[in-house]
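Notes for the one structure printed next.
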Amino acid sequence: MEPLLDEERLALTSLCEELPTLREECSALGGNELRLLARIETEARARRPVAALLRELDGQDVVRGVSTGLPGAGPGRADDEQFGCPDGACDRLAHTVPAGPAPQCLVIGRPMIRR
């Protein structure tokens with residue numbers, strides 16, 4: 001895979017993981033940050049590159065810490081179900097309790113798929 005594609009996949013994964021926090025922070029700041037986040041979400045939904053836009057948002061001191069851990073490197077949980085990106089565009093994983101509802105992708109609003 002090309003490095004640019006890897007960077008974009010990591011950027012989309014980070015966006016998916018951090019989206020609720022980013023929405024809160026940008027909403028509190030308003031103005032340019034809120035417009036930039038809306039643009040980032042639009043580009044992410046269309047599966048266009050977002051890494052440069054996230055760096056721009058980071059430059060505005062909104063993103064305090066983009067996820068630095070490796071996907072799947074967090075603490076494990078026994079007996080839970082694992083779900084991934086509905087169209088395979090990122091590496092975000094979400095966990096639920098057995099037979100719990102499937103989580104939703106925060107970017108495209110579709111149910112995540114069982115892994």
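Give the residue from 14, 42, 53 lying farthest towards the positive end of the charge dipole for the range 1-60; charges sit on Cβ (+1 for Lys and Arg, -1 for Asp and Glu) and the dipole is referred to the Cα centre.
Towards the positive end, the residue furthest out is 42.
Which whole-Hz ³J(HN,Hα) couplings does the range 21-29 yield from phi under the Karplus relation 6.51 cos²θ - 1.76 cosθ + 1.60, θ = phi - 60°, glycine and proline marked x?
5, 4, 4, 4, 5, 5, 5, 5, 7
Since every read-out is calculated from the coordinates, none of them should be taken as a lab result. Note that the structure is a prediction, hence the values are computed from the model and not measured. We place every Cβ from the backbone using ideal geometry, glycine too, and count neighbours over all the protein chains shown.
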